[in-house]
1. Would you calculate the separation in nanometres between label points at residue 174 and residue 63, each defined as 7 Å from the Cα along the Cα-to-beta-carbon direction?
2. Once the piece of chain linking residue 154 and residue 18 is laid out straight, how much longer is it, given 0.36 nm per residue of separation minus the C-alpha distance between them?
3. Distance between Cα centroids, the stretch 94-122 to the stretch 128-149: provide it in whole Å.
4. Report the relative contact order of the chain, percent, no decimals, based on alpha-carbon pairs under 8 angstrom and at least 6 residues apart.
5. Mind giving me the FRET efficiency for residue 134 and residue 272? R0 is 30 Å, r the Cβ-Cβ distance, nearest 0.05 is fine.
6. Would you compute, from DSSP H runs of 4+ residues alone, the mean residue ellipticity of the chain at 222 nm, taking -39500 (n - 2.57) per run and dividing by the full residue count, rounded to the nearest 500?
7. Only bridges with both residues in the chain count here: give the DSSP antiparallel percent, nearest 5.
8. So how far apart, in nm, are the two label points at residue 250 and residue 104 if each is 7 Å from Cα heading toward Cβ?
C-alpha cells in the first residue's frame, strides 16, 4: 500500500516546482523499478528520475540511523536535480525514515507500506503470509498496520533473507533462489495461508517463480499500482501534474551509487529500455566520500 500521508512542511503555494519538473523515485537498489513501471503506466506524461543506492544495498541489513541518513541525503540530492515530488519506493526506508525526511524536504513525498489491509480484506482462510525485510517487520509502522487490520486475520511474517540480494544480482529464478523461496513459502501453505503480501518492492520480480512454486494457492498482494495512484493524487493536489504530451514523454533517467551494471540489465528486461545509467556520488553523514570507491 502507499504510505497514506502526503503532507509536507511547505504549503502548496510555496512549492517552486512546476508541472514539467521530474518526479524522483528512490530505492536502496533495483526493487523500486517495480514502482517505476507502475508509475509510467499510470502517469505516462511525467518525467522520472530513478536513483538506486546500490552501493549500500540491502537496507534491510542496515541500522535505522544509517537508513534515515541515506534516505535524507538522496532525497536532498533529488530536490537539487529539480524533482517536484519524491517516491520512497522502498518499504524499509519508508518504515524507518519517512517522518524525518518529510520534515526536512520541501516537496511532497509518497512512501510505501506492505499491503496488510488488502490482504486482510481478501483472505478467505483468514491466514496470510508476509515476506518483508527484517527491518520492515520490526518497525513500529508495520506493527501498527498489524494492530489496525489484523484483528481477525493471522499474519505469518517471514523475513526474506537473501531475496533483495538475489534481485540485485539479477537472479529471479535460479535453482538456489527457488529453493530459498520454497523454504519461506511452504510453511505458510502448511498453515493454511491463501494470500501472500510482497512486503518489499524487490519481491514482485519473483512473481513468476512464486507462481511456479505455489500455483494458485496464494493470491499475491503487490502494491505498486496503488503507489502510482497515490502519486497521481498527490501531484494533482499540489497542482503539478504534467500536462498531456503531444509527443512521447522522455525516457526515465537512471542513476546508481554503484556501477549500474545490474540496474541497466534489469531496466532492459523489465522495462524494455536500453538505458544509460549514470553513476553518482551522494555523500551523507554516515558515508564519507572517501569510503566510496572511485
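1. 3.1 nm
2. Values: separation 136, 0.36 × 136 = 48.96 nm, distance 4.52 nm.
Taking 0.36 nm per residue and subtracting the Cα distance, the gain is 44.4 nm.
3. For the stretch 94-122 versus the stretch 128-149, the Cα centre distance is 12 Å.
4. Values: 565 pairs, mean separation 80.1, N = 294.
Relative contact order here is 27 percent.
5. Numbers: r = 33 Å, r/R0 = 1.11.
After rounding, the FRET efficiency stands at 0.35.
6. Working: 11 runs with 118 residues, N = 294.
The per-residue figure over the chain is -12000 deg cm²/dmol.
7. Numbers: 3 of 34 bridges.
If we restrict to bridges inside the chain, about 10 percent are antiparallel.
8. Here the answer is 2.7 nm between the modelled labels.
Taken together, the values in this text are just the output of simple stated rules run on the coordinates, not laboratory data. All values derive from a computational prediction rather than experimental measurement. Please note: Cβ atoms are built from the backbone with ideal geometry, for glycine as well, and neighbour counts cover all protein chains shown.
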